[in-house]
Each structure stands twice: as structure tokens, then as C-alpha cells.
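Enquirer: Let me give you the structure first, and then I'll get to my questions.
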Amino acid sequence: MNSDNHPVSKFKSKIKSSLPYTLAIAIIGFMAFWIRTRPHDSVFLSNGFVRFMSNDAWYHMRTLNVLLENYPNRMFFNPMTCYPYGSYIHFGPLYDQMMAITSLVLGLGNPSQNLIDTIGAYFPAVLGAFTVIPVYYIGKYLGGRKTGIIAAILIAFAPGQFLQRSLIGITDHHVAESLFSTFFMMFFMLAIITAKKKELHFEDVFNKNLSVIKEPLIYSVIAGVMYSAYQLSWPGAPLFLLAIMIYAIFQYVLDNFRGESSDYLGFTGISTFLVSTILILPFVHPEMGFSKYYYSIFHVATSLGLMVGFAALSFLEREFNNRKLKAYYYPLAILAIGVLGLLATKIVSPSIYSLLLSTPATVFRVHTGGPSTIGEVSSMFYYGGSFTLSRAYSNFTASGFFASLLGMLILLVSVFRKAKPEELLVLIWSIFMLFAIYGQNRFAYYYSINVAILSAYLGGLLLEKAKWNQLNEKFKTTVKSPADFPGFLKFVRIEQIIVILAITATLIYPAYGAAMMQSTGSSDPDGTWIEACLWLKSNTPDPGMDYNAIYEAPKTGELFQYPDTAYGVMSWWDYGHYIETIGHRMPNANPFQAGIGGRRVSINETNMPGAAPFFTAQSEEEATAVLDAVHPDPDKMGARYIVSDKKMAVDIFGAMPEWTLDTEGYMAPYWTGSGYQYIPSTRYFNSMESRLHILDGNGLKQYRLVYETWAYKTHGEVTYKQIYNFLYKSNIPEVDTGFVKIFEFVKGAKITGTASPNEAVNIKTTILTGQGRTFEYSQSTTSDSEGKYEFTVPYSTEGPIPGETQFDTAPAGAYVVSYGNTTREVRVSEEAVLKGEEVKV
């Protein structure tokens, strides 16, 4: 027997030929990890605090800690957010389980909080670095190893959302989505390639022809496992099933027109999605019905449905061949079956029919109203109502974006010439993700994979034109040791050098440069929010909830039963996770866009209570009515504390009325002498957000400032105060104040007295904050016909009491009541403020 044909010799030869590429991938992976860990000091602060750099990162660390506290039991319902309703957790379990297992192994079963935080911080960088592996193999099987290496380099340096969601401290499942969805596509591609190469037919399965079905079956099973991993990272994974379904239809039709069997495709699809259907079953919550947001029957039905779809397409193809029907009837038959299936679904289950039609629109259409203000949900190509490519350039670089489009065009041309199944798969996948980023720019962390592969495919074609393969073969035969390398250089042609330099200059270097600029980390949440949330945790009453406990979800139609000591914290939805995870308090609204309230359909629809109608309320009474309506129990308020920051007052206020669909009048044009400039109007200054943050709650009866952080000199607040003074001929101090402010809703003490009938009566006091800042609190009223007057005031002059808010912001002295030539000092106890008691002058 020839020693070269011996299995061991073949294996050694394969290892030897693959070793340089394996080392190259390892080096590229290390570079990807290095870039992603550059912001180390932004995460691990000098005071020992670990700052996770995204909203979802904080929430994942919360669910991770609960999981480790109760291992292996996982929290599915969380009453510590979206008060007073709580929230089901739609995050997939896999990401947290991977971090938990890693923590338990490295912590020998009892990991410290420091170890848990460290693993959580580094985990996205590790997964981001691992993504170079499937990208390399997809590139390799699409255009050879040279294409694979280029693709791996490009994804390692890919800027934009893929990089930003895999940085150290961005402990979010999105990078796991990219990793497992790409692994899924890689193994699905390998299964198709091997099944096609071995000319697999269903008869091979029936006859147990293992030499034919073994390799495609292994790849198909792994593809099913990877799809399940993807689905258990994100419940929206059926999005990819739609792409696979579209690909399958096109592939079946093309094979039918060419007179080729599609059994290889049917076997792969049935095997893959049979595995994924089985693996998702243990994680399904039947009580969630057919929800696409939580693990439900929907996720079983979609995998099972696609498996049945592959079987049906294969059966239909065989019937066409047996009956010798013309090929162009085949796509018509598919269309007819699809239409009849939808009509049948509409009759049998209108809700499922609506879900099937609405789900693609959720992804692919450009959103308006409140959802358009969510950064990741807005279109990649539209900003402020205008078409733009600037976001695409920042996510993929200009050259990378256009290279991907050119790569798709070349693949499209190959379809008409006789494309390989893997080429059509990459083409459909890429077009699908391009449409996805048109609808929501968040899918850029998916499309970055496609950009890397398509750009590498284009680069690989250029290298082929420059006879790179011949040079590679020459390298194998001439270079046996490093000493042979100088002699090899004489075979290098000038056009090969030019192509390599062109690929480096136009694709690799721009991506690397952008990645270096974008991998500097984040200061979000900054020190003010961390400080404010820690203050909440230490200086507000215990809401009576076990923070790390697992609570049972309420029965359908019922509400979670909170203890009487529970209360909510109202803030804009961006900050809900900070309040919950750092402050250990219950936000009314959170970054899942729960608790925002407002309208979704039309201006005539009733405003649902929540953050948007509260902060845009035009009076204290209107705002309090919203707080009251937030809680379904008429005897309880929806929130006790309100947290505001400068961004809410100045930078992102415009997003709030978008959710109420009532955006007119908050800004007004003002002639400056050289043109019109939009400035805050009366409607803005009447809003609750302005009354609280810009005006410090001055004049409000039931809202008091209890804490503020230090100020940042951002000028935005100062400008708004200058405009206020100009419009209202007022003289409030034109200075920056606390970046984050915490207010408390109280019943308010009732100060009563007697003056002359119908006389103007004033009350005021000077408030001293914990930052040493002072401002005036005042109210005015007119006594009635009997001379009686009443003020409801929110501040205690006697300081905090045990068990209640330990505020550091309070009057510097007594209230002063004045009318005519009379002035009276009044002191108010904290009990009177909290209980709404009367204080007589």
C-alpha cells in the first residue's frame, strides 16, 4: 500500500498544510480580542467599581447574579422592573448560562463577585474574537483560503455595531447572536456542500448508505445545534429561518430548471431543523401562547414548519419529476401552495396569520413616532427623515459597504451562469440582512459579517486574476524552510503586490483605523448616574423585595402582589436598568420600552400612563394624575421618586412627545437678526420635565428635590435658563446645576392661616442642596372672602426621620409667609409632609 495514501499519512499531510492557516486565524483572533479589550480602564475603575457600558449589560449582570444565587434555576419573571406590573424576561438563557458555568468552574463552585464581574466584562470580547473562526470557513468555502483569511481579518477589525457590541464591558447577548448565527450558516453551508458533492439522495437514507450520508448528517446536526444556540441567545432568531426559507425556494426552483435533484438540500433542511425543533422544546413556556418575544409555541412551530417546508418542497419536486411536468410550473405551484396556506391560516387562526404578516414588517419597515427615537430601531439609511449613508460608512467604512454591494452583484451574476448552492446561500443571506438594516440599524452587527465575507470574496477574485493560486502552489513546492523564502520572492509578480496593497489600503486599513477610533470605550453610565443610583440604594426606604430571589409570575389576568412598602421610580426608559441594577429600586420604565406610555396609533387615542405623558404633562396636577394612573390600585401611586438628568431636559426631551404623538409647540422659531432659530417655548417650560430639572421644582406642591449630583458645564442648561429669563422676565440663576436630580413625591404639609380677605399671600424659603447650592422655593395665592389661605408644601424644615428618605437637600431655615406688611415664620415637620397634615400659622 502506498504510504502517501495511508489514512495516518493523509491526516498528517492535512494537518501540515492547515497549520499556517490555523496559526494565522489564531493571530487574527488574538488581534480581535486585543482591540476589544482596549477600553479596559473605562470598565474597571480605579475605585474598584466595574462599569458595564450598556443598558442590556447591566441587566445581563443582574440576571447572571440571580442565576448564580439560585443555580441552576433561572429568573423568568422580574418584579423589580416596570413597576407595578413586573416584566417577563425575553432574554435567551444561553448567554447567562455560559457566563454562569464559566464563573462556577473558575470560582471552584463559589465565585466571588469580583470574578463574576470580570468574567461578565470580558465575555463579549472573547465571543467577538471567536467570530473570526466561522467567518474564515465561510470565506474559505466561498472563495478559497485566501478569501477566508481576508474575511477573518476584516471581521476582526470590523468597526461599528459589531465592534461596539463585542467590546469589553458590553455584556450583551448581541455578540452571541452574531457568533452562533454565523456558526449556523457555516455548518449549514458545509452540510449543503458535502451533500451536493456526494450526490446524496433520499434513497441513500432509506438504504442506510453511511458513506454518503455520514458527513452531511454530522454537519446538519451541528447546524441544528448552532441554530438552537442562536435561538437560545435571542428569541428573534426565527428571522434567520425566513432567510433560509427564501434561499431554499430559490435553490429548489433553480435545481428544477436545471434538471438536478434537490435531495441534498431537502436532507440538510429536514435534518437541521428536526434537531433545532427538539432542542428548543425544553425551553418553551406554553403559557406565553404564540408570542414571538418570549420562548413559546411560536419557536417550535417555526422550526417545525421550516422542516415540513423542506419536506414539502422535496416531495413536490419528486412529483414533478415523476409526472414529467414542465419546470416553470414548479414556482407557480409553490406560490399557489403558499397563498392557500396563508388563507387557511387566516381562517383557522387570525392571530397567527396577523403575526406572520406583521413580523417581517417589524424588521424591514422604517419606523415612525416613538419607536423612531430608539437609536437601534431607526433605519440605517434615514436620519431626520432624510436619506443618508453616513451611518453605513461608520458601521462598515465606505469602501467596505460598497465592496459588499459589488460582491453581491457578482454573486447575482453567477446565479444566472450556474451558481453553486453556497454562493446563492451567501447572496440571499446578504440581501436579507441588507433589507434588515434598512428597517433597523441594530442589525448592522449581523451585516458586518456579510460585509467581511463579500468584501473578502471580491478581494479573492482580484487575487485570482493576479494568479495568486499559482504563487501559492509555488510557495508550497519551493519553501521548505525559512532559508528558502528569499529565493521564493523572485516568483512574486508586480500585479500580485498591487492587488495585496489595494486590498490592504481600501478594505483592511480603513476598517482597522475606524476600529481603533471606536474602541476607546464609553463613560455611560457616567459617575453622576452611578452616584445617584447608589444614593437611591442607601438613602431611600427598603421597598421590601428580595433583590436576588426568583419570584413566580402572576397567573394570567392577575397582577403581581407587591408588599405595601413597594414603590416605583419614574425616569426616562433609558435609565431603568441603572435604577434597578445599581440602585436596587424598581423603575416604572425600562430599556425594553416598557412603561413609556403615550400613544401608538393616533392623536385621538387615549394617552397610556407612563414616562412620556408624565414628563410632558403641562401642569403638576396633570403629572400627578399620570402617576396615579400608572398604578391600577386607586389608593396607590405609581411612583414615589422621580429621577431626571440634564440630557432628559435638554438633549433627548424631543423623544418624549414623539411617544405621545403630540410633538407640536415645544420649540418655537425666533428671529435672531440673521435667521430663525428654534428655541424652547412656553409649552416646553410648562412641561413637568422643565419644571423639575430646569426650575428645580420651584412652586410645585408635592414634588421636592431630595438629592442632586455635581454639575457638568454643558452650557445646554444655562442656555435654556437664559431663554426662560428672557421669555418670562425672570431672574433664575443662569448656571449649571446637578447633572442628575432625584425628586420625591409627597402628600405635602398643609400650611393654613388667615389674612385680610382677597389678599395676596406669599410663601418662600431657601433650599440648600447637598452640593452646597441654594435656590429659592416659593408659592403665591390669594386668601378667600373670609381671609383664609392654604399652601401645600413638599419640604420639611426639620430634617429626615428614620425609615424614610434620608435627604440632604432641605430648607436652610423656616418658611416665611408674607402678606401686606406681615411676615410669619413657619416650621414644618417631616411627618406633616409625609402624612399631609395641617400646620397652622
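Enquirer: Mind checking which residues of the stretch 27-43 are over 13 Å from Gly128 (Cα atoms) and free of Cβ contacts under 8 Å to residues at least 24 places away in the same chain? Reasoning before the result, please.
Expert: Residues of the stretch 27-43 that are over 13 Å from Gly128 (Cα atoms), as a first pass: 27, 38-43.
If the condition is that a residue be over 13 Å from Gly128 (Cα atoms) and free of Cβ contacts under 8 Å to residues at least 24 places away in the same chain, then Ile27 is the only one that fits.
Enquirer: Quick one: would you say Ala566 is more than 27 Å from the chain's Cα centre (by Cα), of a type in the set (Gly, Ala, Ser) and either surrounded by fewer than 19 Cβ atoms within 10 Å (Cβ to Cβ) or not in a strand (DSSP E or B) (or both)?
Expert: Numbers: more than 27 Å from the chain's Cα centre (by Cα): yes; of a type in the set (Gly, Ala, Ser): yes; either surrounded by fewer than 19 Cβ atoms within 10 Å (Cβ to Cβ) or not in a strand (DSSP E or B) (or both): yes.
The answer is yes for Ala566.
Enquirer: Something else: Got a sec? Which of Phe91, Phe162, Phe123 is touching a residue at least 40 places away in the same chain (Cβ under 8 Å), open to solvent by less than 10 Å² (accessible area, probe 1.4 Å), assigned to a helix (DSSP H, G or I) and aromatic (Phe, Trp, Tyr)?
Expert: On inspection, the qualifying residue turns out to be Phe162.
Enquirer: Would it be correct to say that His584 is in contact with a Pro (Cβ under 9 Å, 6 or more places away or on another chain), closer than 30 Å to Thr714 by Cβ and either surrounded by 24 or more Cβ atoms within 10 Å (Cβ to Cβ) or basic (Lys, Arg) (or both)?
Expert: On the way: in contact with a Pro (Cβ under 9 Å, 6 or more places away or on another chain): yes; closer than 30 Å to Thr714 by Cβ: yes; either surrounded by 24 or more Cβ atoms within 10 Å (Cβ to Cβ) or basic (Lys, Arg) (or both): no.
Taking the combined requirement at face value, the residue does not satisfy it.
Enquirer: Take the stretch 45-76 and flag every residue that is crowded, with 18+ Cβ neighbours inside 10 Å and either aromatic (Phe, Trp, Tyr) or more than 22 Å from the chain's Cα centre (by Cα) (or both).
Expert: Phe52, Trp58, Tyr59, Leu68, Phe76
Enquirer: Report every pair of residues separated by at least 6 positions or lying on different chains whose Cβ atoms are under 8 Å apart, first residue within the stretch 338-349 and among the β-branched types (Val, Ile, Thr), second at pLDDT below 80.
Expert: Hits for this filter: Thr345/Ile352; Thr345/Tyr353; Thr345/Leu356.
Enquirer: Now a separate question. When both residues are 6+ apart or on different chains and their Cβ atoms are under 6 Å apart, which pairs have a first residue that lies in the stretch 189-215 and is hydrophobic (A, V, I, L, M, F, W, C), and a second that is not in a helix (DSSP H, G or I)?
Expert: Val212/Lys198; Val212/Leu200
Enquirer: Any idea which residue in the stretch 721-753 is farthest from Glu790 (Cα to Cα), counting only those that are basic (Lys, Arg) and in a strand (DSSP E or B)? Step through it out loud before you land on a result.
Expert: Just the residues of the stretch 721-753 that are basic (Lys, Arg), to begin with: 721, 729, 741, 747, 750.
Filter once more, keeping what is in a strand (DSSP E or B): 741, 750.
Details: Lys741: 28, Lys750: 7 Å.
So the residue we want is Lys741.
Enquirer: For the stretch 479-495, give me each residue that is open to solvent by less than 80 Å² (accessible area, probe 1.4 Å), closer than 23 Å to Leu19 by Cβ and modelled with pLDDT of 75 or more. Reasoning before the result, please.
Expert: Within the stretch 479-495, the subset open to solvent by less than 80 Å² (accessible area, probe 1.4 Å) is 479, 481, 484, 487-488, 491-492, 495.
Now drop any that are not closer than 23 Å to Leu19 by Cβ, which leaves 479, 481, 484, 487-488, 491-492.
Of everything in the stretch 479-495, those that are open to solvent by less than 80 Å² (accessible area, probe 1.4 Å), closer than 23 Å to Leu19 by Cβ and modelled with pLDDT of 75 or more turn out to be Phe491, Val492.
Enquirer: Give me the residue from the stretch 133-159 that is hydroxyl-bearing (Ser, Thr, Tyr) and open to solvent by less than 30 Å² (accessible area, probe 1.4 Å) and, out of that set, farthest from the chain's Cα centre (by Cα).
Expert: First, pick out the residues of the stretch 133-159 that are hydroxyl-bearing (Ser, Thr, Tyr): 136-137, 141, 147.
With open to solvent by less than 30 Å² (accessible area, probe 1.4 Å) added as a condition, the list becomes 136, 147.
Details: Tyr136: 26, Thr147: 31 Å.
Applying the filter and picking the extreme gives Thr147.
Enquirer: What residue, among those in the stretch 311-337 that are touching a Ser or Thr at 6+ places or on another chain (Cβ under 8 Å) and closer than 30 Å to Tyr230 by Cα, is least open to solvent (accessible area, probe 1.4 Å)?
Expert: It comes out as Ser314.
Table: residues versus (1) surrounded by fewer than 19 Cβ atoms within 10 Å (Cβ to Cβ); (2) assigned to a helix (DSSP H, G or I); (3) over 22 Å from the mean Cα position of the chain (by Cα); (4) among the β-branched types (Val, Ile, Thr).
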residue: Asn395; (1), (2), (3), (4): no, yes, no, no
residue: Phe416; (1), (2), (3), (4): yes, yes, yes, no
residue: Tyr445; (1), (2), (3), (4): no, yes, no, no
residue: Gly460; (1), (2), (3), (4): no, yes, yes, no
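Enquirer: Let me ask you something else. Specify which of the listed residues (Leu356, Leu306, Leu342) is of a type in the set (A, V, I, L, M), open to solvent by less than 40 Å² (accessible area, probe 1.4 Å), in a helix (DSSP H, G or I) and under 24 Å from Phe273 (Cα atoms).
Expert: Being of a type in the set (A, V, I, L, M), open to solvent by less than 40 Å² (accessible area, probe 1.4 Å), in a helix (DSSP H, G or I) and under 24 Å from Phe273 (Cα atoms) holds for just one of Leu356, Leu306, Leu342, which is Leu306.
Enquirer: Go through the stretch 95-114 and give me each residue that's over 14 Å from Arg51 (Cα atoms) and part of a helix (DSSP H, G or I). Can you show your working first?
Expert: Quick first cut of the stretch 95-114, residues over 14 Å from Arg51 (Cα atoms) only: 95-112.
Of everything in the stretch 95-114, those that are over 14 Å from Arg51 (Cα atoms) and part of a helix (DSSP H, G or I) turn out to be Tyr95, Asp96, Gln97, Met98, Met99, Ala100, Ile101, Thr102, Ser103, Leu104, Val105, Leu106.
Rundown of residues vs (1) in a helix (DSSP H, G or I); (2) open to solvent by 80 Å² or more (accessible area, probe 1.4 Å); (3) over 30 Å from Tyr393 (Cβ atoms); (4) in contact with a strand residue (DSSP E or B) (Cβ under 7 Å, 6 or more places away or on another chain), yes/no style:
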site: Asn472; (1), (2), (3), (4): yes, no, yes, no
site: Thr477; (1), (2), (3), (4): yes, yes, yes, no
site: Ile500; (1), (2), (3), (4): yes, no, no, no
site: Pro510; (1), (2), (3), (4): yes, no, no, no
site: Met516; (1), (2), (3), (4): yes, no, no, no
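Enquirer: Somewhere in the stretch 226-245, is a residue over 30 Å from Leu64 (Cα atoms), surrounded by fewer than 22 Cβ atoms within 10 Å (Cβ to Cβ), more than 28 Å from the chain's Cα centre (by Cα) and hydrophobic (A, V, I, L, M, F, W, C)? If you could, list the steps in order and put the result at the bottom.
Expert: As a first pass, look at the stretch 226-245 and keep what is over 30 Å from Leu64 (Cα atoms): 242-245.
Subset that is surrounded by fewer than 22 Cβ atoms within 10 Å (Cβ to Cβ): 242-243, 245.
Of the ones still in play, those that are also more than 28 Å from the chain's Cα centre (by Cα) are none.
The answer is no, given that none of the residues of the stretch 226-245 is over 30 Å from Leu64 (Cα atoms), surrounded by fewer than 22 Cβ atoms within 10 Å (Cβ to Cβ), more than 28 Å from the chain's Cα centre (by Cα) and hydrophobic (A, V, I, L, M, F, W, C).
Results for (1) closer than 20 Å to Ile596 by Cβ; (2) of a type outside the set (S, T, N, Q); (3) open to solvent by 10 Å² or more (accessible area, probe 1.4 Å); (4) in contact (Cβ under 8 Å) with a residue 40 or more places away in the chain, shown as yes or no for each residue.
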site	(1), (2), (3), (4)
Lys636	no, yes, yes, yes
Glu664	yes, yes, yes, no
Gly675	no, yes, yes, no
Pro680	no, yes, no, yes
Asn686	no, no, yes, yes
Gln702	no, no, yes, yes
Thr709	no, no, no, yes
Thr714	no, no, yes, yes
Asn731	no, no, yes, no
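Enquirer: Going through the stretch 243-284 one residue at a time, which ones are aliphatic (A, V, I, L, M) and farther than 30 Å from Arg417 by Cβ? It would help to see each step written out before you state the result.
Expert: From the stretch 243-284, those aliphatic (A, V, I, L, M) are 243-246, 248-249, 253-254, 265, 270, 274-275, 278-281, 284; that's our starting set.
Leu274, Val275, Ile278, Leu279, Ile280, Leu281, Val284 - these are the residues of the stretch 243-284 that are aliphatic (A, V, I, L, M) and farther than 30 Å from Arg417 by Cβ.
Enquirer: Find the residue count for the stretch 536-560, including only residues that are assigned to a helix (DSSP H, G or I) and surrounded by fewer than 16 Cβ atoms within 10 Å (Cβ to Cβ).
Expert: Going residue by residue through the stretch 536-560, those that are assigned to a helix (DSSP H, G or I) are 536-539.
Those still in the list that are surrounded by fewer than 16 Cβ atoms within 10 Å (Cβ to Cβ) too: 537-538.
The number of residues fulfilling the criteria is 2.
Enquirer: Let me ask another. Checking the structure you have, find out if any residue of the stretch 602-612 is open to solvent by less than 10 Å² (accessible area, probe 1.4 Å), at pLDDT 95 or above, in contact with a helix residue (DSSP H, G or I) (Cβ under 8 Å, 6 or more places away or on another chain) and not in a loop (DSSP other than H, G, I, E, B).
Expert: Within the stretch 602-612 (the criterion being open to solvent by less than 10 Å² (accessible area, probe 1.4 Å), at pLDDT 95 or above, in contact with a helix residue (DSSP H, G or I) (Cβ under 8 Å, 6 or more places away or on another chain) and not in a loop (DSSP other than H, G, I, E, B)), the answer is yes, since at least one residue qualifies.
Enquirer: Being under 28 Å from Leu834 (Cα atoms), touching a strand residue (DSSP E or B) at 6+ places or on another chain (Cβ under 8 Å) and not polar (S, T, N, Q) narrows it down to one residue among Glu744, Glu759; which is it?
Expert: Numbers: Glu759 fails: under 28 Å from Leu834 (Cα atoms).
The match here is Glu744.
Enquirer: Something else: For the stretch 275-303, give me each residue that is buried (at least 20 other Cβ atoms within 10 Å of the Cβ) and closer than 30 Å to Glu203 by Cα.
Expert: Val275, Ser276, Thr277, Ile280, Thr302, Ser303
Enquirer: What single numbered condition from (1) more than 27 Å from Gly120 (Cβ to Cβ); (2) open to solvent by 10 Å² or more (accessible area, probe 1.4 Å); (3) modelled with pLDDT of 95 or more fails to hold for Phe180?
Expert: Evaluating Phe180 over (1) more than 27 Å from Gly120 (Cβ to Cβ); (2) open to solvent by 10 Å² or more (accessible area, probe 1.4 Å); (3) modelled with pLDDT of 95 or more leaves (1) as the failure.
Enquirer: Which of the following residues is touching a residue at least 60 places away in the same chain (Cβ under 8 Å), in a helix (DSSP H, G or I), under 19 Å from Ser220 (Cβ atoms) and of a type in the set (S, T, N, Q): Thr277, Thr272?
Expert: Working: Thr277 fails: touching a residue at least 60 places away in the same chain (Cβ under 8 Å).
The unique qualifying residue is Thr272.
Enquirer: If a residue has to be open to solvent by 10 Å² or more (accessible area, probe 1.4 Å), within 18 Å of Ser178 (Cβ to Cβ) and part of a helix (DSSP H, G or I) to count, how many in the stretch 432-442 make the cut? Before you say what the answer is, go through the steps one by one.
Expert: First pass over the stretch 432-442, keeping only residues open to solvent by 10 Å² or more (accessible area, probe 1.4 Å): 432, 434-435, 438, 440-442.
Subsequent filtering for residues that are within 18 Å of Ser178 (Cβ to Cβ) retains 432, 434-435, 440-442.
Then keep just the ones that are part of a helix (DSSP H, G or I); that gives 432, 434-435, 441-442.
Count: 5.
The values are calculated or read from the model by the stated rules, or taken from the named source; none is laboratory data. Keep in mind the model is a prediction, meaning the values are calculated, not measured. In this analysis, Cβ positions are derived from the backbone assuming ideal geometry, glycine residues included, and neighbour counts consider all displayed protein chains. For the accessible areas, the whole protein counts, side chains as well, though only heavy atoms, and no ligand, DNA or RNA atoms are used. Shrake-Rupley method; radii C 1.70, N 1.55, O 1.52, S 1.80 Å.
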